[in-house]
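The values are calculated or read from the model by the stated rules, or taken from the named source; none is laboratory data. Only a predicted model underlies this, so the values are computations on that prediction, with no experimental measurement involved. Here Cβ is always computed from backbone atoms with ideal geometry, including for glycine, and neighbour counts include all displayed protein chains. Each accessible area value is taken on the protein alone, full model and side chains, heavy atoms only, with ligands, DNA and RNA left out. Shrake-Rupley method; radii C 1.70, N 1.55, O 1.52, S 1.80 Å.
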Amino acid sequence: MQPLLLGIDIGTTNIKAIVFDPHGQIVASASVKTSTHYPRPNWAYYVPGELWAQTVAAIKQAVSQVDNPARIVSAAVASGAESAVPIDAHGQPTYDSIAWFDTRTEPQQRWLAEHIGARRLFDVSGLSLQPIFGLCKVLWLREHEPDAYKRSVMWLNIADYIAFRLSGEAVTNYS
């Protein structure tokens, strides 16, 4: 019996789960709306527990279309842009995930440009200095949510967070 693969995409609009064969042919798919919260202008965030529940729902919907789910031998998770979840020593989120397009961190961007320099940050990280830059979000959390910041022991991008919830392993794709 041919093995199957599961791909999960945590997107800005939808969370998608696709089951496909080793030749790339889609066997099953599902999509669930991503809940995004907009508490004020220029702010947007995801609640980690909601992302997890929506991901599980998409996976269940896709897998329910497969004749023998035991054929699924591997899963991969992808997500877009600079959204992450701060995690405590017990593997629990300490704060919501600031969405990649949230610009509340413009003051942190300006501070980094002034004190470190956009070019230096690019040379080290390969990323251009914008409010969506993960470091800006870490600095915002330190300044505005010091308790959550102090309890955080790791910073997992959204795909990393979902993979962590699926496997118990905290890893990242360095690209």
Inset, instruction - Out of Val77, Val73, report the one residue that is in contact with a helix residue (DSSP H, G or I) (Cβ under 7 Å, 6 or more places away or on another chain) and within 30 Å of Pro3 (Cα to Cα). - result: Val77
Inset, instruction - Could you list all residues from the range 1-49 that are charged (D, E, K, R) and open to solvent by less than 60 Å² (accessible area, probe 1.4 Å)? - result: Asp9, Asp21
Legend entry - Selection within the range 100-122 - more than 15 Å from Val138 (Cβ to Cβ) and in a loop (DSSP other than H, G, I, E, B): Phe101, Thr103, Gly117
Inset, instruction - Starting from the range 115-131, take each residue that is on the phi > 0 side of the Ramachandran plot and list its partners that are open to solvent by less than 70 Å² (accessible area, probe 1.4 Å) and not in a helix (DSSP H, G or I), counting only C-beta distances under 9 angstrom and pairs at least six apart or across chains. - result: Gly117/Leu129
Inset, instruction - Look at Val85 and say whether it is touching a strand residue (DSSP E or B) at 6+ places or on another chain (Cβ under 6 Å), β-branched (Val, Ile, Thr) and either in a strand (DSSP E or B) or within 29 Å of Ser128 (Cα to Cα) (or both). - result: yes
Inset, instruction - Can you tell me which residue within the range 1-16, out of those that are part of a loop (DSSP other than H, G, I, E, B) and out of contact with any Asp or Glu (no Cβ under 7 Å at 6 or more places or on another chain), is farthest from Ala159 (Cα to Cα)? - result: Met1
Inset, instruction - Identify the residue in the range 131-151 that is in contact with a strand residue (DSSP E or B) (Cβ under 7 Å, 6 or more places away or on another chain) and closer than 20 Å to Asn173 by Cα and, among all such residues, is surrounded by the most Cβ atoms within 10 Å (Cβ to Cβ). - result: Lys137
Inset, instruction - Hand me the list of helices (runs of 4 or more DSSP H) wholly inside the range 124-174 holding 1 or more residues that are within 19 Å of Leu112 (Cβ to Cβ). - result: 134-144, 146-151
Legend entry - The one condition in (1) farther than 27 Å from Glu145 by Cβ; (2) touching a strand residue (DSSP E or B) at 6+ places or on another chain (Cβ under 8 Å); (3) open to solvent by 40 Å² or more (accessible area, probe 1.4 Å); (4) without any contact (Cβ under 8 Å) to a residue 60 or more places away in the chain that Ala70 fails to fulfil: (2)
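Considering the range 32-70 alone, what residues qualify as being of a type in the set (Phe, Trp, Tyr) and not in a loop (DSSP other than H, G, I, E, B)? Let's see the steps before the verdict.
At the first step, the residues of the range 32-70 found to be of a type in the set (Phe, Trp, Tyr) are 38, 43, 45-46, 52.
Within the range 32-70, Tyr45, Tyr46, Trp52 qualify.
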